[in-house]
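Please read the structure below before turning to the comments.
Quick note: the coordinates plus some simple rules give every number you see, no bench work behind them. Predicted model, so just to flag it, every value in this text is computed and none were measured. Reconstructed Cβ throughout: ideal geometry from the backbone, glycine too, with neighbour counts over all protein chains shown.
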Amino acid sequence: MKTILVTGGAGYIGSHTVVKLLEQGYGVVIVDNLCNSKVNVIHQIEAITGRKPVFYEGDVRDHALLAGIFKTHSIHGVIHFAGLKAVAESQAKPLLYYDNNVAGSITVLEEALKANVHTVVFSSSATVYGEPGKAQYDETLPTKPINVYGRSKLMVENILTDLVNANPALRVVCLRYFNPVGAHSSGLIGEDPLGIPNNLMPYLGQVAIGKLPSLKVYGNDYPTIDGTGLRDYIHVEDLAEGHCLALHYLNTHSGILTVNLGAARPHSVLEVIAAFERASGITIPYEFVGRRSGDLAEYFANAQLAKRMLGWVARHDLDRMCQDTWRFYQRSRDSAS
């Protein structure tokens, strides 16, 4: 049984990927500092899969912690999620983001190489593209991120490229996500951010259960079908499957591969609200406010390279994304009452 170290494995995307890994027969070791996640996720993962991952609470910048993990466990590969991800916060606190996202990644890579672990899947982002001047993003576009978060992700991609060039034994896949949404079909795990959500779907969920009063829609004057921004939403379970397929790819391929993971079809904010209302049967109160700086009218993935190289395709549509999200928030509301 191959064992995978999953950094940030108690987080939103990480926890869903851990479920997929356990279901596919991998052993899993998680390291997470719980800065934006909760320890009870580990118990929910066990409830879903019947298997409990090994869990270490700690920070990926801690060399001693990681060295101990690699010494204690026979790690086959690393899926590296751990990092901060709020765009606005990254602009206000750049050193915090470079320290967590870049320095943290360097520590993980240093300790992995010391332990002769050469398989790495990196959680990157479509924000590395910036404003390429076209709506559909493919991997040949130039990378010119317009915020600190995107720059931190691109820095790690560049570090991985340089590392592969220096160490041909290294096997790396960088996965550039678009907009992950949804929850596990069980309703046991989903996107449950600490504080006010930065993303649309958890904000909708919190409005629907009465935790927040209404939704702010940033801009209704874009040149789109209904004036609101168009985004490529991808179900988190599809995204998790992409990480497992990336590991499978690295069993037989060396070097570095960078691919988009997205549904390749954009939806507007109003379309998402309507789909969530269908799923929940609840009318979502919202108000239009001004555009946010840096927001684009439309962007979505060209995911053909992921299909060709990994055999990956997005399978779940917007209605399924909203249904699973609502199931998770219903359960969260009921368990809290």
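Having 3 or more residues that are surrounded by fewer than 21 Cβ atoms within 10 Å (Cβ to Cβ), touching a residue at least 40 places away in the same chain (Cβ under 8 Å) and of a type outside the set (A, V, I, L, M, F, W, C) is the bar; report the helices (runs of 4 or more DSSP H) wholly within region 25-131 that clear it.
Here the list reads 104-114.
Read through the list (1) farther than 19 Å from LEU65 by Cβ; (2) buried (at least 24 other Cβ atoms within 10 Å of the Cβ); (3) of a type in the set (A, V, I, L, M), then give the number of the only condition that VAL18 fails.
Tallying (1) farther than 19 Å from LEU65 by Cβ; (2) buried (at least 24 other Cβ atoms within 10 Å of the Cβ); (3) of a type in the set (A, V, I, L, M), VAL18 fails exactly one: (1).
Working carefully through the options PHE70, PHE55, PHE81, PHE122, find the one that is farther than 26 Å from GLU241 by Cβ and among the aromatic types (Phe, Trp, Tyr).
PHE70
Mind counting the residues in region 158-180 that are farther than 19 Å from CYS244 by Cβ and not hydroxyl-bearing (Ser, Thr, Tyr)?
Count: 13.
Among the candidates ALA135, ALA183, single out the residue that is more than 19 Å from the chain's Cα centre (by Cα) and among the hydrophobic types (A, V, I, L, M, F, W, C).
ALA135
Residues of region 136-169 being free of Cβ contacts under 8 Å to residues at least 60 places away in the same chain and not in a helix (DSSP H, G or I), which ones?
Listed by number, the residues that qualify are THR140, LEU141, PRO142, THR143, LYS144, PRO145, ASN167.
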